[in-house]
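The values are calculated or read from the model by the stated rules, or taken from the named source; none is laboratory data. Every value quoted in this text rests on a predicted model; they were computed, and no experiment measured them. Cβ placement follows ideal geometry from the backbone for every residue including glycine, while neighbour counts extend to all protein chains displayed. Protein only, heavy atoms only, side chains kept; ligands, DNA and RNA dropped before computing areas. Shrake-Rupley method; radii C 1.70, N 1.55, O 1.52, S 1.80 Å.
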Amino acid sequence: MLYVARHGETEWNRKGIISGRSDISLSEVGYKQAEFLAEEVAALKTPITKIIHSPLERARETARIVAEKNQLLMNMDERLIELDYGDYDGTSDKSEGYLKFRTQFAVRYPNGESLMDVYARIVPLLEELEQDSENTYLLVCHNSVIRAIKNYFEPLENEKVFNYRTPNAKLIGFDWKKVASTIKSA
């Protein structure tokens, strides 16, 4: 199994501001969500043995809270950083231009990257982790990264990829066997 969780809430999340690569801190609610996530991880039947997190503070802090509660080591991996929204970072997630680019899998945001770019950097990490059958990982990262991971395990139609949103600090499990069966049937 592989587990992923989006970081806890930030003020920008609450206000509908695109945070992308901006290094935004957790809100008070975000810290509480991270504590709840830590309890959820502690209750798993198959214990997590390693945590890997994005370099951004909101993911690092969420991972730290989970790691401390569960006496786990954590490591950072740059490949888990959020999608670079370029010129839209720090703007409203309701802006027309952002919404237009958001539905384009391969089109890069101006001065940023595309969801395809995220997928291209995430797949090698997932392939590395799949080879390590001795550990059960928790990846603490971001919504766009989790969309790419979900699409790796469960290929989705374009519209479903773009409409998929991960709640803050929600634990999601993926089964490595599902990837093997998806690859064989392709």
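Taking all protein chains together, LEU44, LEU99 sort by accessible area into LEU99, LEU44, largest first [probe 1.4 Å].
Simple rule: put +1 on each Lys or Arg Cβ and -1 on each Asp or Glu Cβ in the range 2-184, find the dipole, and look at GLY97, PRO155, LEU2; the Cα lying farthest toward the positive end is PRO155.
Each of PRO167, SER144, SER133 was scored by the projection of its Cα onto the charge dipole of the range 131-181, and the greatest displacement toward the positive side belongs to PRO167; charges sit on the C-beta of Lys, Arg, Asp and Glu. Residue ranges 10-18, 76-84 sort as 76-84, 10-18 when ordered by packing (mean number of other C-beta atoms within 10 Å per residue, highest first).
The share of alpha-carbon pairs in the range 3-110 lying farther apart than 21 Å comes to 41%. In a reduced charge model with +1 at each Lys and Arg Cβ and -1 at each Asp and Glu Cβ, the chain shows a dipole moment near 460 debye about its Cα centre. In the range 2-184, carbon and sulfur make up what percent of the accessible area (probe 1.4 Å)? C and S atoms contribute 49 percent here.
Net charge dipole, the range 1-71: roughly 220 debye, given to the nearest 20, about the Cα centre with Cβ charges of +1 for Lys and Arg and -1 for Asp and Glu. Proximity of backbone amide H atoms, modeled 1.01 Å from N, is registered between ALA169 and ARG6, HIS7, GLY8 at under 5 Å, excluding neighbours fewer than 5 places apart on the same chain.
Solvent-accessible area per residue in the chain equals 50 Å², computed with a 1.4 angstrom probe and all protein chains kept. Binning all Cα-Cα separations of the chain at 5 Å, short to long from zero, yields these whole-percent fractions: 1, 8, 17, 21, 21, 16, 10, 5, 1, 0.
For trypsin sites (Lys or Arg not before Pro), the sites in the range 86-116 that DSSP calls loop and that have at most 13 other Cβ atoms within 10 Å are LYS94.
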